[in-house]
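Below you will find the structure I want to go over with you.
The values are calculated or read from the model by the stated rules, or taken from the named source; none is laboratory data. As the structure is a prediction and not an experimental result, all values here were calculated from the model. Heads up, the Cβs are rebuilt from the backbone with ideal geometry, glycines too, and the neighbour counts pull from every protein chain shown. Protein only, heavy atoms only, side chains kept; ligands, DNA and RNA dropped before computing areas. Shrake-Rupley method; radii C 1.70, N 1.55, O 1.52, S 1.80 Å.
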Amino acid sequence: MTIAKDDVVAALGKIASPEGVPLPATGKLSEIVVADGKVFFSITVDAGAVQAWESIRERAQKAVRALPGVASVMVALTAERAGGAAPGGGAAPRPQAGPARARPGGPPGGPAAPSPAGIPGVAAIIAVASGKGGVGKSTTAVNLALALRQLGLSVGILDADIYGPSMPKLLAIRERPQAIGGNRLRPIDRFGMPVMSIGFLIEEETPMIWRGPMVMSALTQMLREVEWGTLDVMVVDMPPGTGDAQLTMAQQVPLKGAVIVSTPQDLALIDARRGIAMFRRVNVPVLGIVENMSTFICPHCGTRSDIFGHGGARREAERLGVPFLGEVPLDIAIREKSDSGAPVVATAPDGPHAKYYQDIAIRVRDGLAVSSRPAPKIVIEA
């Protein structure tokens, strides 16, 4: 039986807010996304009312899950606070001056955060990230994953770019994941790798107008409620920037390392620095920087043109003291194969374009071996 959005709205109409108003009439519901029996929406309330609304969220989730044709439900409670306000309504406290003490697993100045639990069966999780969009991060992520698999590793891909999922296009995946037991999903298999993306659950042109808590709920669900099986490496294609998704990954799972993708020009490198700083702040090892679109060789005359400059990422890696993983040129063959869902590493593994990613994969594999060793004990004096 197919579930419709109107069925969800009708079920939610039987749930009353703390003020006794039917939930759809409160103005607090986000857009309701319904796809292949999976339902997603959020409830946005004032920060001071969160406790009163948590039971409403639970009742709403239970009511929708009981509808015929619903395989899974995700309802996030989003709290909004007026700018500058602190919990309880007072003014936000000023940061105190003075040196902050370092702590493992969290920002300076606070108590040590507990170590995040791993994903059962997954030995290592690495993030492929960029400080800004449009630098070829997703293309790099999928070809890196395929190249790691060619090295004999068991590899999976998680598309964590909630707002702009790319894996359905890059891997030509149009089918939907199947539910297992009502509360878990089976990932899609492509080129011998399990793949999961929010893009498999929604239509291609559906905008994801989600706030932070909804994003974090979706990421947690795709990490922990998917049958990943046994993997040596999970490659996570992160959204660009340094926001909720990156912090959620650092807090929810023990990342073994991060690969930063940048183009050579200064504008992209500024944002790459921010990405490196963010991962360092949450104690995630930076495995290195990839310089994408490093140069362009005209396929007709063979003339080289450094459209975005050349060597900027290598120099930045040296300056920041992180490994330089390699260069990938701006090439029409890479773009065409990516657009057609046939990545070069999978469909032309012996060609010159695949070799760029294969060399990077070797350095990432070797870097993982180093970063997985126990870190030396750091003594911090009072």
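Kindly indicate whether any position in segment 209-224 is hydrophobic (A, V, I, L, M, F, W, C), within 30 Å of residue 336 (Cα to Cα), open to solvent by 60 Å² or more (accessible area, probe 1.4 Å) and at pLDDT 75 or above.
no
Can you find, within segment 42-69, the residue that is nearest to residue 217 (Cα to Cα) among those that are touching a residue at least 40 places away in the same chain (Cβ under 8 Å) and not aliphatic (A, V, I, L, M)?
Looking at the filtered set, the residue picked out is 42.
Also, I was wondering about something else. Open to solvent by less than 20 Å² (accessible area, probe 1.4 Å) and either farther than 24 Å from residue 358 by Cβ or not in a helix (DSSP H, G or I) (or both), is that true of residue 302?
When the stated conditions are applied, residue 302 does not pass them.
Turning to a different aspect of this structure: Determine, yes or no, whether residue 269 is open to solvent by less than 40 Å² (accessible area, probe 1.4 Å) and modelled with pLDDT of 85 or more.
No; evaluated as a whole, the condition is false for this residue.
Give the number of residues within segment 227-254 that are at pLDDT 90 or above and of a type in the set (A, V, I, L, M).
The number of residues fulfilling the criteria is 5.
Let me ask something else about it. Restricting to segment 153-167, name every residue that is at pLDDT 90 or above, open to solvent by 10 Å² or more (accessible area, probe 1.4 Å) and in contact with a helix residue (DSSP H, G or I) (Cβ under 8 Å, 6 or more places away or on another chain).
Residue satisfying the conditions is 153 alone.
Pull up segment 136-152, narrow it to residues that are touching a helix residue (DSSP H, G or I) at 6+ places or on another chain (Cβ under 7 Å) and open to solvent by 20 Å² or more (accessible area, probe 1.4 Å), then point me to the one that is nearest to residue 368 (Cα to Cα).
If we take residues in segment 136-152 being touching a helix residue (DSSP H, G or I) at 6+ places or on another chain (Cβ under 7 Å) and open to solvent by 20 Å² or more (accessible area, probe 1.4 Å), then 151 is nearest to residue 368 (Cα to Cα).
Each row is one residue, and each column tells you yes or no for (1) at pLDDT 80 or above; (2) within 26 Å of the chain's Cα centre (by Cα).
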| residue | (1), (2) |
| --- | --- |
| 55 | yes, no |
| 62 | yes, no |
| 98 | no, no |
| 103 | no, yes |
| 111 | no, no |
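Further, regarding this structure: Say we look at segment 11-34 and pick out the residues that are of a type in the set (Gly, Ala, Ser), closer than 17 Å to residue 45 by Cβ and not in a strand (DSSP E or B); which of these is least open to solvent (accessible area, probe 1.4 Å)?
Only one residue tops the list, namely 17.
Assess whether residue 344 counts as being under 27 Å from the mean Cα position of the chain (by Cα), more than 24 Å from residue 124 (Cα to Cα) and either at pLDDT 85 or above or not charged (D, E, K, R) (or both).
So residue 344 passes the test.
Yes or no: residue 292 touching a residue at least 60 places away in the same chain (Cβ under 8 Å) and in a loop (DSSP other than H, G, I, E, B)?
no
Among (1) charged (D, E, K, R); (2) in contact with a Pro (Cβ under 8 Å, 6 or more places away or on another chain); (3) in a helix (DSSP H, G or I), there is one condition residue 174 misses while meeting the rest; what is its number?
(3)
While we're here: Going by what's in this entry, would residue 93 be described as at pLDDT 75 or above, more than 17 Å from residue 215 (Cα to Cα), more than 29 Å from the chain's Cα centre (by Cα) and not small (Gly, Ala, Ser)?
no
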